[in-house]
């Protein structure tokens, strides 16, 4: 195929959410645990076979889509609205696992940090705070 295929609906949803979260593709991919190249393939809906030749990327694994969605604050309901009920179910499992880990944390601080990890927005705030502390420590 010599024309780029259109992104799948879940790719569009995840791209919009990544932009709202003000994350780079690289950072979002890192948080999702996939390569930046694979992230781009899924959100763009194609992979480059050779220069000017494209292959559609459809039906990315539900687990991968769920990890991507979690990294940019997409909800299971949003995934369902774009036809990815399978990924929505996986995202619910991921979110439940993160909450369960929070409840098993050994002390209050660990439990609070684990709860923050379960909420992507709070986790980003915590990462920013840690970055500031590390920056301050180097001065």
- Item | Filter pass, residue 11 being touching a helix residue (DSSP H, G or I) at 6+ places or on another chain (Cβ under 7 Å) and at positive phi | no
- Would you check which residues across segment 60-80 are in contact (Cβ under 8 Å) with a residue 40 or more places away in the chain and either surrounded by fewer than 16 Cβ atoms within 10 Å (Cβ to Cβ) or within 14 Å of residue 31 (Cα to Cα) (or both) and list them? 65, 68, 69, 70, 71, 72, 73, 74
- Message: So residue 119 ticks every box in (1) at pLDDT 85 or above; (2) out of contact with any helix residue (DSSP H, G or I) (no Cβ under 7 Å at 6 or more places or on another chain); (3) surrounded by 13 or more Cβ atoms within 10 Å (Cβ to Cβ) but one. Which box is left unticked?
- Response: (1)
- Item | Answer from 27, 80 - the residue that is modelled with pLDDT of 90 or more and over 19 Å from residue 116 (Cα atoms) | 80
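Quick one: which residue in 102, 87 is in contact with a helix residue (DSSP H, G or I) (Cβ under 7 Å, 6 or more places away or on another chain) and at pLDDT below 80?
That would be 102, the only listed residue that is in contact with a helix residue (DSSP H, G or I) (Cβ under 7 Å, 6 or more places away or on another chain) and at pLDDT below 80.
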- Message: Can you tell me which residue is surrounded by the fewest Cβ atoms within 10 Å (Cβ to Cβ) among those in segment 40-55 that are more than 20 Å from residue 76 (Cβ to Cβ) and out of contact with any strand residue (DSSP E or B) (no Cβ under 7 Å at 6 or more places or on another chain)?
- Response: 51
- Query: Consider residue 2 against the criteria (1) in contact with a strand residue (DSSP E or B) (Cβ under 7 Å, 6 or more places away or on another chain); (2) at pLDDT 90 or above: it satisfies all of them except one. Which criterion is unmet?
  - Reply: (2)
- Item | Complete set of residues in segment 1-25 that are over 23 Å from residue 121 (Cα atoms) and free of Cβ contacts under 8 Å to residues at least 40 places away in the same chain | 6, 7
- Item | Residue selected from segment 46-59 under the condition within 23 Å of residue 24 (Cα to Cα) and free of Cβ contacts under 8 Å to residues at least 40 places away in the same chain, by the criterion nearest to the chain's Cα centre (by Cα) | 47
- Query: Looking at (1) surrounded by fewer than 14 Cβ atoms within 10 Å (Cβ to Cβ); (2) within 13 Å of the chain's Cα centre (by Cα); (3) not in a loop (DSSP other than H, G, I, E, B), which is the only condition residue 22 fails?
  - Reply: (3)
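The values are calculated or read from the model by the stated rules, or taken from the named source; none is laboratory data. Remember, it's a predicted structure, so these values are computed and weren't measured experimentally. Please note: Cβ atoms are built from the backbone with ideal geometry, for glycine as well, and neighbour counts cover all protein chains shown.
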